[in-house]
Amino acid sequence: SLTFGGRPSDCAVAAATVRWLTEHRTEAYEHLRSIGQALKDGLNAVGVKVIGQPERSVMVFDTEDERRAFCLRMIERGVVVDRPQFPNLNHTMKDVEKTIAAAEDIAEEES
């Protein structure tokens, strides 16, 4: 009852979203998987360990302080990341490229 507070307009939007996802299931899933896999592969390639499924992956750091520092450095570059990563239907390959470039910039600074 709390998710939409019982407001008919909010419930209508949620129901329409479920209908759209049902009708476009295959293309939506393929998009989420391809975006998530590209993000996972790209981050791993620049030395940020990422595990899990492409649709919900997690960056792995040795300590919580390392994770926080990385996330803050990404924010400085205009990219918000944390765990887990949930790609959505609005994300594009351009978003993935921006994220990987920011992570690569951090990796280069550290080496």
Practice problem: With springs only between Cα atoms under 10 Å apart, run a GNM on the chain and tell me which of A38, A16, A69 wobbles the most. | Solution: A16
Quiz item: Relative contact order for the chain using alpha-carbon pairs under 8 Å, separation at least 6, rounded to a whole percent?
Solution: 25
Exercise. Please give every one of the aspartates and glutamates within straight-line cross-link reach of K40, meaning a C-alpha to C-alpha distance under 16 Å, and leave out same-chain neighbours fewer than 8 residues apart.
Key: E30, E55, D82, D95, E97, E104
Quiz prompt | Total formal charge among the other residues, if their Cβ is under 13 angstrom from that of Q37, Lys/Arg +1 and Asp/Glu -1 | solution = 0
Practice problem: Would you please give the FRET efficiency between E109 and F86, computed as 1/(1 + (r/R0)^6) with r the Cβ-Cβ distance and R0 = 22 Å, to the nearest 0.05? | Solution: 0.20
Self-check item: Simple label model, 7 Å out from Cα along Cβ direction - L72 to V60, nm
Solution: 2.5
Quiz item: In nm, what is the difference between 0.36 nm times the number of residues separating H24 and K49 and their Cα-Cα distance?
Solution: 5.8 nm
Practice problem: With unit charges on the beta carbon (Lys/Arg positive, Asp/Glu negative), name the residue among T26, V13, S111 whose Cα is farthest towards the positive pole of the charge dipole of the chain. | Solution: V13
Quiz prompt | Volume per residue of the C-alpha convex hull in the chain, rounded to whole Å³ | solution = 132
Quiz prompt | Fraction of accessible area attributable to carbon and sulfur, the chain (%, probe 1.4 Å) | solution = 54
Quiz prompt | Where the chain is the region considered: accessible area per residue in Å², 1.4 Å probe | solution = 68
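The values are calculated or read from the model by the stated rules, or taken from the named source; none is laboratory data. Just so we're clear, the structure is a prediction, and the values are computed from it rather than from any experiment. When we count neighbours, we look across all protein chains shown, and the Cβ atoms used for this are built from the backbone with ideal geometry, even at glycine. Ligands, DNA and RNA are stripped out before the accessible areas are found, and what is left, the full protein with its side chains, is counted by its heavy atoms. Shrake-Rupley method; radii C 1.70, N 1.55, O 1.52, S 1.80 Å.
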